[in-house]
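Report on the following structure.
The values are calculated or read from the model by the stated rules, or taken from the named source; none is laboratory data. Quantities reported herein were computed from a predicted structural model and do not represent experimental measurements. Heads up, the Cβs are rebuilt from the backbone with ideal geometry, glycines too, and the neighbour counts pull from every protein chain shown.
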Amino acid sequence: MTVTIAEELLLLAYSDDKGKPLIADSRLDHAVAGALLAELAVRGRVELTGRTLTGRKLTVRDPRPLRDELLDGVLNHMAKRSDRSPSWWLQRLEKHDRRMRLLSRLAAMGVLREQRDKALGIFTVTTWPTAFPGVEAAVRQRVSAALAGAHHDERTAALIGLVHSAGLTRKAFPGADRRRFKHFAAGAWASGPVASTVASINSAVKASSSGGAGGEGGDGG
């Protein structure tokens, strides 16, 4: 079963039993936007350009569709605009409905279960408890192996960095070495355009999320 980085992030960001997010919605929406950008970077569609830190932009290098409606929508949107910074794109992409669409896709795959209940007998509350734990278990196994020093792919490295940048480390991986998460978030896992692009996205996610800790809190620095 193939899932995107954003979907993997959501599996880690929701409690298995209650199906509720482990961090504030605002943080999570920022992280999902970052994961969509990271997916495009890992798949060779976007790349960081520019020589100075403040002047670096995300540039579409390959506009070919990926046969994923959500990703292709983001890619088409980026291709129509002038080069913009990762932070600029993050602000435009962090929409609640994108997270809901990804959760619905996971439910359609049978990985999550969409459950609707009434709060106070009036308001409808939707939760997303785990239906098939095998997918998340495989993600956790990849992440744990990479953190322990095993060979890893770009997708796993990007996911680890996003977990840290979103403030999910303590909630999703209690007891894990936070220094290793920071190592991945900084792009120190490799040299080359993909690592540097993902690192810039991680930095933007962390900066955008810093004011929206709320909820159950994050990891801090």
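Looking at region 130-203, what helices (runs of 4 or more DSSP H) fall wholly within it and have at least 1 residues that are surrounded by fewer than 21 Cβ atoms within 10 Å (Cβ to Cβ) and free of Cβ contacts under 8 Å to residues at least 40 places away in the same chain?
Passing ranges, in order: 134-147, 178-185.
Considering region 58-95 alone, what residues qualify as being assigned to a loop (DSSP other than H, G, I, E, B), in contact with a helix residue (DSSP H, G or I) (Cβ under 8 Å, 6 or more places away or on another chain) and of a type in the set (S, T, N, Q)?
Result: S85, single match.
Here are L48, L40: which of them is touching a residue at least 24 places away in the same chain (Cβ under 8 Å), part of a strand (DSSP E or B) and either within 12 Å of V194 (Cα to Cα) or in contact with a strand residue (DSSP E or B) (Cβ under 8 Å, 6 or more places away or on another chain) (or both)?
After applying the criteria, what remains is L48.
Taking R27 as meeting all but one of (1) surrounded by fewer than 21 Cβ atoms within 10 Å (Cβ to Cβ); (2) in contact (Cβ under 8 Å) with a residue 12 or more places away in the chain; (3) not small (G, A, S), write down the number of the exception.
With (1) surrounded by fewer than 21 Cβ atoms within 10 Å (Cβ to Cβ); (2) in contact (Cβ under 8 Å) with a residue 12 or more places away in the chain; (3) not small (G, A, S) applied to R27, the lone miss is (1).
Could you tell me which of the residues S82, S104, S15 is modelled with pLDDT of 95 or more, over 18 Å from S165 (Cα atoms) and out of contact with any Ser or Thr (no Cβ under 9 Å at 6 or more places or on another chain)?
So the residue among S82, S104, S15 that is modelled with pLDDT of 95 or more, over 18 Å from S165 (Cα atoms) and out of contact with any Ser or Thr (no Cβ under 9 Å at 6 or more places or on another chain) is S104.
Can you name the number of the only condition in (1) surrounded by 13 or more Cβ atoms within 10 Å (Cβ to Cβ); (2) more than 20 Å from V205 (Cβ to Cβ) that G110 fails?
Looking at each condition in turn, G110 falls short on (1).
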